[in-house]
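The values are calculated or read from the model by the stated rules, or taken from the named source; none is laboratory data. Everything quoted here is computed from the prediction, not taken from an experiment. Heads up, the Cβs are rebuilt from the backbone with ideal geometry, glycines too, and the neighbour counts pull from every protein chain shown. All accessible areas refer to the heavy atoms of the entire protein, side chains included, with ligands and DNA or RNA removed. Shrake-Rupley method; radii C 1.70, N 1.55, O 1.52, S 1.80 Å.
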Amino acid sequence: MDISSGTGVAVSVEVIRALVRGSVHDLCVPGHEPPVSPPGRPAGGTHAPCRRLFKLLLQGSCRFDCTYCTLRNSRWDLSLTPGEAAGLFLGMQARGEADGLFLSSGVGDDTESVMHDLVETGEILRKQGYTGYLHLKILPGAGRADITDAARVADRISINLEVPSAGRMSEVTQVKDYRSDLLTRLSWIREARPFGHTTQMVLGASGETDREVFRRVAWLYGRMQVSRVYYAPFRPLPGTPMEDHPPAPFWRAWRWYQLDSLMRTYQFGPAGLEVLFDGDGMLRNQDPKEVLAEIHGPVDLLTANRTDLLRVPGIGPQTADRLIAERAAGGIRDLSDCTACGVNLKRAGPHLVLGGRAPAQRPLSDFTA
Ligand code: SF4
């Protein structure tokens, strides 16, 4: 069965289904990639709002051999031309079925040709007047000119590192070269679209520790101007060499998103976060902010600086700023004053003191001069 695309081109439903299925492992949440750059950093490009993201592979075969991936060493005749992919999406957009496109691909036999097709799909969409969210995958080994073109036409671009180092990469592929296929391309991406690109790490596929992942992620945010790192827990897929490998627990990815938030939203430096890892270099299954609060002990609401306040569970950046302003105006005299600033007392209470004492032990009169 074929369906007619927005440009009148007929596309096989079976091919489309297979290419959509193949795209599920790529992560992208447009509303949670920063629309603008952090203060003081260069702009990361436009970022149209998007609620119905359509994810699609342009080609379903790959010459690489990643041991966890069903596309490895595949030679399936599953592909769309740029015109077919653009037409398919425009048809869906016209019917209200999608308002954003994430376009990825297997690498096929010829990286350059597939990368050209990805960029050309984006160019067709823009020429047809599409102004919504467009995310283009950068393939391992892609050429510099194609990366520049992809950055020009798309709202976001990304290359997936998947593992934290060349040593770990050798655990999952004998073909892909971490430095030249990925890190060199990442540096070109940074130049083409600073703070407008993302990447993805697979947790538990290469025997890596969380500390190794952390050091790579800190480098990505600090040096490579990545706007967002996604974390996928490893799942063994039937038919792959790792089908009998144990899956990573879901909580590991959840704790990684919490730790990532401390780096991106709270802007905690890497040095202060190294304490989160146990002797084996792993995170424990506990909110990293709770762990930090336990390690550093109670924070005094009347004297703590912003960094110390931010370490308290239940106090975020805006709440910390409101607390400091209210404190300067003499408005913090008891815990009840904090709730008006947005403090979640259920979480924060056990980690706070007022004037050196647990709040419940200190009479209100102590604070009324
Ligand atoms: S490069 Fe990507 S698509 Fe190809 S085998 Fe590796 S993970 Fe799969």
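Quick notes
- Residue satisfying all of: in segment 332-361; in a loop (DSSP other than H, G, I, E, B) and open to solvent by less than 20 Å² (accessible area, probe 1.4 Å); nearest to HIS296 (Cα to Cα) among these: VAL343
- Identity of the residue in segment 284-314, farther than 29 Å from THR209 by Cα and not in a helix (DSSP H, G or I), that ends up most open to solvent (accessible area, probe 1.4 Å): THR303
- Residues in segment 45-79 that are open to solvent by less than 10 Å² (accessible area, probe 1.4 Å) and touching a residue at least 60 places away in the same chain (Cβ under 8 Å) were compared, and the one that is nearest to ALA151 (Cα to Cα) is LEU58.
- Output for segment 97-143, where each listed residue is charged (D, E, K, R) and open to solvent by less than 50 Å² (accessible area, probe 1.4 Å): ASP99, ASP117, LYS137
- Checking each residue in segment 315-331 for being over 22 Å from PRO270 (Cα atoms) and assigned to a loop (DSSP other than H, G, I, E, B) picks out ALA329, GLY330, GLY331.
- Complete set of residues in segment 259-273 that are surrounded by 12 or more Cβ atoms within 10 Å (Cβ to Cβ) and over 20 Å from the mean Cα position of the chain (by Cα): GLY272
- Filtering segment 50-76 to residues that are assigned to a loop (DSSP other than H, G, I, E, B) and more than 16 Å from the ligand (Cβ to nearest atom) leaves CYS50, ARG51, ARG52.
- Test: residue in segment 97-105 that is more than 16 Å from the ligand (Cβ to nearest atom) and without any contact (Cβ under 8 Å) to a residue 40 or more places away in the chain: no
- Residue match in segment 236-246 (condition: modelled with pLDDT under 95, of a type in the set (A, V, I, L, M) and either closer than 28 Å to PHE195 by Cα or in a helix (DSSP H, G or I) (or both)): no
- Of the strands (runs of 3 or more DSSP E) lying entirely inside segment 119-216, those containing at least 2 residues that are under 30 Å from ASP244 (Cα atoms) and touching a Phe, Trp or Tyr at 6+ places or on another chain (Cβ under 7 Å) span 197-203.
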